[in-house]
Structures are given as C-alpha cells and as structure tokens.
Amino acid sequence: MPDSLSLTKITGQKGMSIGEAARRVADLGWTPSYVQEAMTFPTDYKIKKVPRDPMKQVLRSYFPMQEEKDNRVYGALDAALRGDMFRNVQPRWVEWMKLFLAIIPFPEISAARSMAMVGRLAPGEELRTGFTMQMVDEFRHSTIQMNLKKWYMENYIDPAGFDITEAAFGKCYATTIGRQFAEGFVTGDAITAANVYLTVVAETAFTNTLFVAMPSEAARNGDYALPTVFLSVQSDESRHVGNGHSMLMSIIQDPDNHLLLERDLKYAFWQNHAIVDAAVGTLVEYGTTNRDKNKESYAELWHRWIYEDYYRTYMLPLEKYGVKIHHDDVNAAWDRIVKKNYIHKTAQFFSVGWPVAFWRQEAQTEKDFEWFEHKYPGWYAEFGNYWQWYAKLSKKGEKNILFNQDVGYVYPHRCWSCLVPCLIREDMCTGEVDGKLYTYCSTVCRWTHTTAFAAEYEGRATPAMGRFSGRREWEDCYHGWDLADAITDLGFVRSDGKTLVPQPHLHFDDSKMWTLDNVRGNTLGSPLRAIREMTPEAREKHIAEYRAGFTVNVPN
Amino acid sequence: MSATQEPDAATTSAAAGAAKFAGSDSRKFNYFQPKGRRASHYEDMTVDVQPDPKRYLMQDWIISFADGQPAYNENWTAAKSTDWHQFRAVDQEWERTHYQRQSTIVGMIANVVENGRRSGAVTRFDPAWVRVLQNHLGAYKHAEFGLGMATMQAQRYGYTQMVNNAILTNSSYKLRFAQDLTLYLGEIAMDLENFDQDAGKQHWMDDPVWQGVRQSIETIGGCTDYLEQYFAVNVIFEPMVAELFRSGFVMRVAASQNDFMTPAVVSAAEGDYERNLANTVELFHMLVLDENHGAHNRALFNHWLEKHGALAQNAASQLQPIWSEPRVKIAQFTDAIEQQKNRMRAIGSEIGLDVRSILD
Ligand SMILES: [Fe+2]
Ligand SMILES: [Fe+2]
Ligand SMILES: [Zn+2]
C-alpha cells in the first residue's frame with residue numbers, strides 16, 4: 001500500500017483537534033452557586049485563578065496509550081521468564097529490590113491521594129483535568145509495582161522478604177525513611193505537600209535517579225524486568241512535571257507567596273536529597289555487581305540530573321520571579337555526596353543493621369573496593385577495613401557486627417527530620433522543640449523541624465503547615481529489647497520459625513543461614529533516650545565525641 | 001550468582017527452586033487474610049499498601065496536619081467500622097484491568113461514532129432530537145463531571161487502600177464518561193448545522209429543568225464526609241437521577257428519533273455504574289451489618305438518604321418536561337420514575353436499608 005493511502009485517509013472524516021478537545025473538556029467545570037466545594041485541605045498560599053497553558057490531553061487518547069504501554073510491560077515480563085532471566089540475575093541486586101519495592105508503591109498511591117488536595121486548588125479546569133489523569137497514573141504506578149514485586153517473589157530463588165512486604169514496610173528500620181517521603185505528599189499545607197514537595201522537587205528532580213538510574217543498574221545485573229516497568233512509569237512523569245510547573249507558575253506570580261515558596265523549596269530539596277540519595281544511592285552503588293569503571297557513579301549521575309538539569313535549568317530561572325534559591329543547600333548536598341561520603345555511610349549503616357532488615361546484604365569485596373576507590377578517591381581508607389570486618393562477621397556463629405565491640409563502629413543517632421541517621425558525624429547537631437531535645441543530621445534538617453514545620457514562619461502565621469509526629473525514632477520502639485525478640489516481633493523470621501529472613505551473605509543453604517539463636521543476647525537501645533537522659537556536661541562531651549567520629553579497627 | 005562470592009556448590013541459578021532452604025517455598029504474600037480461599041491478584045496488588053497503625057504501622061503516622069490529625073483518620077467519616085480492612089472491591093480492579101476496560105470502552109465509542117458519521121447517520125437524527133442532545137445531554141455531561149470530581153476528592157480520605165482505590169476507579173469512570181459525552185457532542189456537531197456546543201452549559205447553569213440536578217451535585221461536592229459523598233453518588237444520585245436520564249430517557253427514546261449512536265455512547269456509563277454500584281453495595285452492606293456499629297450506621301445512612309434523597313427526588317421531578325420534547329414520544333416520565341423507584345428498592349434491600357420513606 002502506498003504511504004499516502006493509509007486507512008485513516010480512506011475512512012477519514014473531520015475530527016476534533018486535540019486543542020479543541022482539551023478546551024471543550026476543560027469547559028466541563030463550573031462555579032457552584034448552591035453549595036460551595038468544601039476546602040478541606042488548607043493552604044497558606046494564595047492562588048491566583050490564572051490558568052497557565054498546561055498539557056493538552058483527554059482521556060480518550062490517554063487510556064489506549066496507557067493500555068499499549070501496559071501491554072509492552074507485561075509482554076516483557078513474559079519474555080524475561082521465557083528467556084530464563086532468573087538463571088542469570090544477580091541476587092545481590094534482587095535482594096535490594098525487597099527493600100525498594102516494599103517502599104515505593106506507597107509513595108505512588110500517596111501521590112494519587114494528593115491529587116485530591118491540589119485538584120480543588122487548581123487555577124483553571126485544564127490543569128484540574130491534568131491532576132485527574134495524574135491521579136489515575138499514580139494508581140497505575142502503585143499497582144504495577146506491586147505486580148513486579150509479586151513476580152520477583154514467584155520467580156526468584158529466595159522469596160523470603162518479598163512475602164511479608166507490606167508488613168515489613170510498616171516496621172523496618174530502613175522503610176521508615178520511605179514513609180517520611182510519602183507522608184510528606186499527603187499531609188500539612190496542600191501546596192507545600194502536593195505541589196512543591198511532591199511535584200516541583202520529587203517528581204521533577206528526583207524521579208530521574210529513582211526511575212532512570214535504577215533501571216540502568218538493574219539491566220547491568222541481569223534484571224530486565226525492572227527497567228521495563230520503571231521506564232514505563234517514568235514516561236508518565238513528564239505530564240506530572242508539567243502539571244506541577246503550571247501550578248507553581250500560578251503561585252509564583254504573587255509576591256505574597258514568595259516567603260512560603262522559599263521555605264518549601266528549601267525543605268523539599270533537602271529532604272528529597274537526604275532520603276532519595278541515601279536510599280537510591282545505596283541501591284545503585286552497593287546493590288550492583290557491575291564494576292565497570294566507564295559507567296557513571298551515582299555522584300556523576302547526580303551532578304548531571306540534579307545539579308545541571310534541575311538546579312541550573314529549573315530552579316535558577318525561578319529567581320527572575322524574585323524567589324530566593326538556596327544555592328548553598330544545593331552545594332552542601334553535593335558536598336555531602338562527594339566529600340562527606342553520604343551514600344557510603346548510609347550503605348554502612350544499612351549493613352550494620354542487617355539483622356533487623358528483611359533482605360540479604362552481602363559483603364563488598366576486593367573487586368568492589370577497586371571500583372569505589374576509582375570513583376570516590378579515599379574510599380578505601382575510610383571503608384576498606386569495615387567491609388573486611390563485615391565479610392568476616394557474616395559467617396554464622398560470629399558475634400554480629402552491630403554488637404561486636406572489636407569493630408569500632410559507633411551506632412548513630414537518628415535525624416528527627418529526614419529519619420536517616422546522623423551519619424556525617426561532624427555535622428550532627430541538636431535542637432529543642434517544646435522543651436524537648438532532638439538530634440539532626442544537619443542544620444537544614446534542624447531548621448526543617450524547628451522552623452519550617454511550625455505555626456509561624458518568619459513572623460507570618462502558617463496555620464496550614466504540618467507537624468512531625470509519631471514514634472519517629474525507630475530505635476525507640478525496641479528500646480531495651482533483646483535483638484532476637486525484636487526480630488521475632490518484626491516478623492523477620494522464616495517459615496521454620498528460627499531462621500532469619502535477613503542474612504549477611506548470599507548463601508542459599510540452611511547450614512550457613514543465621515537463626516534467632518545466633519543473635520540472641522544483645523540488647524537494643526534508643527540513642528535519643530540516652531542523650532536526653534544525660535546531664536548537660538555529659539551530653540556536651542558525648543556530642544563532641546560523636547562529632548569527632550570513630551575509627552574502624554584493623555580486622556584481626 | 002554473585003561473581004563476588006564463592007557460589008554454593010548446589011546453587012548455579014537464582015531462579016525459584018534452584019535451592020531448598022528455610023523459606024524457599026514461601027511464594028505468597030502472607031500478611032493479610034484473603035477474602036476467599038486464595039488471595040486474588042487484586043488483593044495482592046491492593047491490601048495493606050496504605051499502612052495503618054492498627055496493623056503494621058509500628059511507628060504510627062509520622063507527619064500530621066497542624067491540628068494533629070494524622071495522614072489517615074478513621075473519623076473522616078461519621079460511619080464506623082469494626083474493621084475497615086474487611087472491604088474488598090467487587091470489581092477487583094488494579095491498573096491493568098482498569099486500563100483494559102477503559103481502553104475497550106474508548107475503542108467501542110470511537111467505532112460507533114466513526115461508523116455512524118461515515119454512514120451519514122447524524123444528519124438523519126430527528127431535528128427536535130438534535131435540540132434535546134444539544135441542550136439536555138449537553139447539560140447532563142456536567143452532572144457526570146461533578147460526580148467525577150466529588151469522587152476524586154473522596155479517594156483521599158478512606159481508611160484503607162481498598163476503599164480508596166474503589167473510589168478512585170469510580171472517579172476515573174465518571175470523568176471519562178463526562179469527556180465521552182463532551183467529545184461526542186463536539187463530533188456530531190461537525191455533521192450538523194447550527195449545533196450550539198455551548199448551549200449545554202447554559203442549560204446546566206440557568207435552565208430551571210436542570211437546577212435541581214445541579215443543586216444535588218453541588219451538595220455532594222460540598223460534603224466534607226467522603227463516605228457521604230460515595231453514598232450520595234452511587235446509592236442515591238445514580239439510580240434516582242442519572243439512570244433515570246440515561247436509561248429512562250436517552251436509551252429508551254433515541255432509536256425512535258433515528259439515533260442509534262447516542263445509546264451506544266451512553267450504554268458505557270450503565271456498565272460503569274454496575275461495577276461502581278457493586279463496590280458501593282459491598283461496602284455499605286458491610287457497615288450496616290457491622291457487629292458493633294450496625295445500628296449507628298443504619299441511622300446515619302437513613303439521614304444521608306433523607307438529605308440527598310430529597311434533593312434527588314426534587315431534581316428528578318424537575319426533569320419531567322424533557323420527556324415531552326422529542327417529536328416521537330414513546331416513553332413516559334412516570335414509567336421511568338417507577339422503574340427507578342424499583343431500582344432504589346432493590347439497592348436498598350441489598351445494602352439492608354429501608355428506602356421507602358424517600359420514595360413515597
Ligand atoms: Fe508515580
Ligand atoms: Fe508522578
Ligand atoms: Zn536529616
């Protein structure tokens with residue numbers, strides 16, 4: 001058939017342009033006159049009812065497009081099984097998916113929920129329509145990720161940890177970080193949560209590291225399923241980024257909003273950095289077996305995506321509206337990654353806590369060391385001894401590393417704000433809210449708790465702003481517990497009633513796998529309780545020692 | 001196997017079954033009680049994704065609203081449940097089934113419209129009927145949109161993932177249908193002279209025939225109790241007003257006005273509603289039967305029935321003049337109303353509510 005004689009040419013009839021269709025659809029809304037919509041999710045921002053030109057899309061092209069994307073995803077999963085993907089996949093990688101996929105479906109569905117919060121604030125019906133589609137997208141993301149997780153559980157050699165996934169999500173020492181991330185989308189000031197924190201920062205900047213860096217690393221480890229799912233998820237993000245930018249533009253026009261916007265950009269950027277870089281950085285750098293020196297490190301990716309693409313081309317242009325951008329925070333985040341070893345310290349912390357995890361973490365070895373030293377000069381001097389200890393103590397029957405006094409690692413304080421521990425020891429600080437002492441990983445995290453999440457900001461009342469709540473220090477939940485009892489309570493015990501779900505190695509062999517008996521006799525404690533109970537003098541001394549850091553001993 | 005570690009002699013593959021050890025056959029999500037004998041795929045995709053301090057959320061919710069309300073709160077509805085987690089959506093939707101179904105409907109409508117327009121069907125619509133479509137179907141599309149926006153709002157508040165996702169897909173169906181009608185009217189307009197696409201909204205805003213409907217919809221949108229919204233949408237407005245107009249008028253009357261296209265477009269909404277209704281009935285039936293709160297819930301639902309039922313009844317009766325507008329009159333308003341009353345009784349008895357008071 002000649003190109004010019006396509007089916008649409010034969011049957012074609014005049015149709016509506018997408019622009020006209022979007023305009024008609026946008027006209028579905030009206031201003032109520034009998035009963036006003038309830039403004040149940042408050043904001044301290046003023047929103048100008050000036051429609052910006054958002055993406056033009058209608059559901060009748062959206063649904064078939066998404067179904068087509070789905071078909072490709074599910075086809076690829078089938079193909080991966082036919083191609084025996086799991087024969088060759090790297091367990092080191094899949095184990096970390098137990099953590100990652102336990103976390104991510106909740107942030108996704110939270111994004112769907114938060115569309116209700118911005119939906120009623122949207123300036124203009126076209127943007128509101130954009131939010132409705134985003135809501136359905138996020139439902140897609142949450143359930144497509146649950147499906148992937150179930151698929152790993154059914155096909156990977158060790159399903160333990162996948163089988164308890166949502167229960168583990170609510171209890172684990174690491175998933176607490178992911179909950180902080182997601183709850184930020186759905187609580188407090190609706191614009192802070194659903195526009196600035198979720199869209200302007202998390203989706204616009206950090207989904208690149210989440211949904212693009214992770215797939216590349218997955219493929220390098222023989223996992224072709226995750227890239228298919230996550231690149232498909234990421235393909236929806238450009239619409240969300242567009243929605244968020246339209247909303248931002250309608251807020252930024254009003255100088256009255258600038259103070260709050262500066263607060264929220266600062267809070268959101270730093271929290272996203274602290275949480276996403278800790279988690280994804282660890283997955284990408286430590287969950288891989290690929291040590292190709294030509295590939296970009298997480299730090300290099302961060303520089304490209306967060307520093308160049310986001311900071312320079314998205315954030316900086318906001319200054320022309322008169323909004324102050326916190327350049328120093330961006331630079332400080334970069335320094336934390338390249339100079340202060342933030343990701344390496346997070347991976348170290350995760351591994352110290354392996355008995356209370358629900359996935360396996362194996363030791364890094366010589367081949368890994370070489371790559372780390374190449375990409376992060378000085379790495380070996382700081383972490384080499386530690387990982388040799390870890391390898392040694394991964395053998396069943398050894399005193400586990402969390403409590404082994406010979407190692408020299410000092411268990412960290414939690415940051416009350418980002419919930420990642422205070423790993424960069426010299427930056428640890430304390431603060432007070434309502435007469436109570438708290439610990440923080442950084443001064444920006446302290447500011448977030450003491451200054452941003454409060455009823456007033458720089459003299460301006462902020463009645464809509466959220467508050468930190470709950471038992472935020474995970475360690476507090478098991479203060480005074482025996483480690484074995486805590487693991488039992490967490491539910492991180494296998495079906496035989498004694499073998500642990502987490503293991504410090506990748507041996508799929510009962511004789512090498514740790515049981516409750518191998519960890520019993522060690523008592524967990526809350527660093528926050530300890531520091532609160534100290535006399536002022538003792539506390540000052542303790543903080544000075546903490547900030548001076550620790551030295552891991554040479555393994556014997 | 002990791003290249004960085006000595007492989008176990010027996011293990012050369014990372015595939016299921018490559019080795020036998022504690023937990024190696026634990027291949028089902030084991031943290032919830034399935035509704036049936038085995039967990040459905042829908043349950044696996046849905047249950048406990050929204051966490052809860054009553055189940056596994058050990059540290060409780062960690063960010064609250066300014067007034068101390070947590071991220072999710074049972075008291076965001078006046079209805080009470082001994083265990084909200086019992087609810088499962090009858091239509092078992094997760095993303096894949098949702099997109100498949102929505103996409104199938106989009107394709108069905110596209111076929112009908114394309115074939116109809118190609119055969120010149122639109123130009124053979126009875127002229128009086130064209131005016132009905134322009135003014136009244138054009139007005140009605142806003143009601144559907146209002147239902148979509150109310151449920152979009154409501155899906156933020158439910159206490160479990162199952163409740164919220166059922167309300168979310170409901171919203172998605174309503175919003176699609178509002179757009180289906182909008183674009184359908186825009187397309188037939190291309191084949192007709194003097195078809196005013198803006199007339200529908202004018203009738204929606206100003207025509208006395210539509211003001212009761214608009215008041216009903218705006219009242220639902222103004223509710224602060226998300227379950228009241230869900231109840232008012234599916235237990236009251238849909239059967240008493242929406243189906244009355246869709247089934248009792250458009251679907252019944254169109255063919256006699258030479259219009260076989262509109263019923264096909266509208267029929268999608270009837271299918272959507274069957275699913276949304278099944279989910280709704282399941283949830284409210286559970287609440288009516290609740291061992292501790294059944295009586296409280298029945299009284300509450302009766303209150304909602306009265307409040308929204310009165311508005312819906314008023315809205316329905318104001319629509320009556322529309323039945324006399326088509327040139328060929330084959331349907332009686334009173335018959336249509338009678339049919340919807342039977343429908344209401346059936347829904348009421350399935351949930352376990354006495355709806356007589358609002359029907360007589
Ligand atoms: Fe998403
Ligand atoms: Fe998104
Ligand atoms: Zn912090």
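Side notes on the structure shown:
- Residue identified as open to solvent by less than 10 Å² (accessible area, probe 1.4 Å), part of a helix (DSSP H, G or I), within 23 Å of B:PHE21 (Cα to Cα) and within 16 Å of ligand 1 (Cβ to nearest atom) among A:LYS98, A:LYS149: A:LYS149
- Among the residues listed as A:SER232, A:SER246, A:SER238, the single one being within 16 Å of ligand 2 (Cβ to nearest atom), without any contact (Cβ under 8 Å) to a residue 24 or more places away in the chain and part of a helix (DSSP H, G or I): A:SER238
- Qualifying residues in the range A:362-381 (those that are part of a helix (DSSP H, G or I) and open to solvent by less than 80 Å² (accessible area, probe 1.4 Å)) - the one nearest to the other protein chains (Cβ to nearest Cβ): A:ASP368
- For the range B:11-36, the candidate set comprises residues that are of a type in the set (Lys, Arg) and within 43 Å of the chain's Cα centre (by Cα); within that set, the residue that is surrounded by the most Cβ atoms within 10 Å (Cβ to Cβ) is B:ARG27.
For (1) within 16 Å of ligand 3 (Cβ to nearest atom); (2) closer than 19 Å to A:ARG547 by Cβ; (3) open to solvent by 40 Å² or more (accessible area, probe 1.4 Å); (4) modelled with pLDDT under 95, each residue gets a yes or a no:
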{"residue": "A:TYR390", "(1), (2), (3), (4)": "no, no, no, no"}
{"residue": "A:LEU402", "(1), (2), (3), (4)": "no, no, no, yes"}
{"residue": "A:VAL410", "(1), (2), (3), (4)": "no, yes, yes, no"}
{"residue": "A:ARG414", "(1), (2), (3), (4)": "yes, yes, no, no"}
{"residue": "A:SER417", "(1), (2), (3), (4)": "yes, yes, no, no"}
{"residue": "A:PRO421", "(1), (2), (3), (4)": "yes, yes, no, no"}
{"residue": "A:GLU426", "(1), (2), (3), (4)": "yes, yes, yes, no"}
{"residue": "A:CYS441", "(1), (2), (3), (4)": "yes, yes, no, no"}
{"residue": "A:ALA455", "(1), (2), (3), (4)": "no, no, yes, no"}
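- For the range B:40-153, the helices (runs of 4 or more DSSP H) that sit wholly inside it and include 1 or more residues that are in contact with a Lys or Arg (Cβ under 6 Å, 6 or more places away or on another chain) and of a type outside the set (Asp, Glu) are B:95-118, B:127-132.
- Residue match in the range A:285-292 (condition: away from ligand 3 (no atom under 16 Å from the Cβ) and assigned to a helix (DSSP H, G or I)): yes
- Boolean, A:ARG472 is within 11 Å of chain B (Cβ to nearest Cβ), in contact with a strand residue (DSSP E or B) (Cβ under 6 Å, 6 or more places away or on another chain) and within 30 Å of A:THR40 (Cα to Cα): no
- A:THR488 satisfies every condition listed in (1) open to solvent by 10 Å² or more (accessible area, probe 1.4 Å); (2) hydroxyl-bearing (Ser, Thr, Tyr); (3) in contact with a His (Cβ under 9 Å, 6 or more places away or on another chain) except (3).
- Being surrounded by 15 or more Cβ atoms within 10 Å (Cβ to Cβ) and more than 18 Å from the chain's Cα centre (by Cα) is a description that does not apply to B:ALA310.
- Test result for A:GLU183, under 30 Å from B:GLN153 (Cβ atoms), in contact with a strand residue (DSSP E or B) (Cβ under 7 Å, 6 or more places away or on another chain) and more than 16 Å from ligand 2 (Cβ to nearest atom): yes
- If only residues of the range A:239-276 that are more than 16 Å from ligand 3 (Cβ to nearest atom) and under 25 Å from A:THR176 (Cβ atoms) are counted, the one that is farthest from the other protein chains (Cβ to nearest Cβ) is A:LEU265.
- Among the residues of the range B:49-60, those that are facing chain A (nearest Cβ under 7 Å), open to solvent by less than 10 Å² (accessible area, probe 1.4 Å) and in contact with a Ser or Thr (Cβ under 8 Å, 6 or more places away or on another chain) comprise B:VAL49, B:GLN50, B:GLN59.
- Of the residues making up the range A:517-556, those that are assigned to a helix (DSSP H, G or I) and over 30 Å from the mean Cα position of the chain (by Cα) number 12.
- Those residues of the range A:188-244 which are touching a His at 6+ places or on another chain (Cβ under 8 Å) and either farther than 26 Å from A:MET465 by Cα or more than 13 Å from ligand 1 (Cβ to nearest atom) (or both), in sequence order: A:VAL200, A:VAL233, A:ASP236
- Unmet criterion (only one of (1) at the interface with chain B (Cβ under 8 Å from one of its Cβ atoms); (2) at negative phi; (3) not acidic (Asp, Glu)) for A:GLY188: (2)
- Residues located in the range B:67-94, provided they are open to solvent by less than 40 Å² (accessible area, probe 1.4 Å), of a type in the set (A, V, I, L, M, F, W, C) and farther than 24 Å from B:GLU274 by Cα: B:ALA71, B:TRP76
- Within the range A:128-177, the residues that satisfy the criterion of being among the aromatic types (Phe, Trp, Tyr) and either touching a Phe, Trp or Tyr at 6+ places or on another chain (Cβ under 7 Å) or more than 9 Å from every other protein chain (Cβ to nearest Cβ) (or both) are A:TRP151, A:TYR152, A:TYR156, A:PHE162, A:PHE169, A:TYR173.
- When each of B:LYS141, B:LYS174 is tested for being crowded, with 24+ Cβ neighbours inside 10 Å and in contact with an Asp or Glu (Cβ under 6 Å, 6 or more places away or on another chain), the lone residue that passes is B:LYS174.
- Residue list for the range A:475-485, restricted to those being away from chain B (no Cβ under 11 Å) and open to solvent by less than 10 Å² (accessible area, probe 1.4 Å): A:LEU483, A:ALA484
The values are calculated or read from the model by the stated rules, or taken from the named source; none is laboratory data. In this text the structure is predicted, and so the values were computed from the model without any measurement. FYI the Cβ positions are ideal-geometry reconstructions off the backbone, even for glycines, and counts take in every protein chain you see. Accessible surface areas use protein heavy atoms only, side chains included; no ligands, DNA or RNA. Shrake-Rupley method; radii C 1.70, N 1.55, O 1.52, S 1.80 Å.
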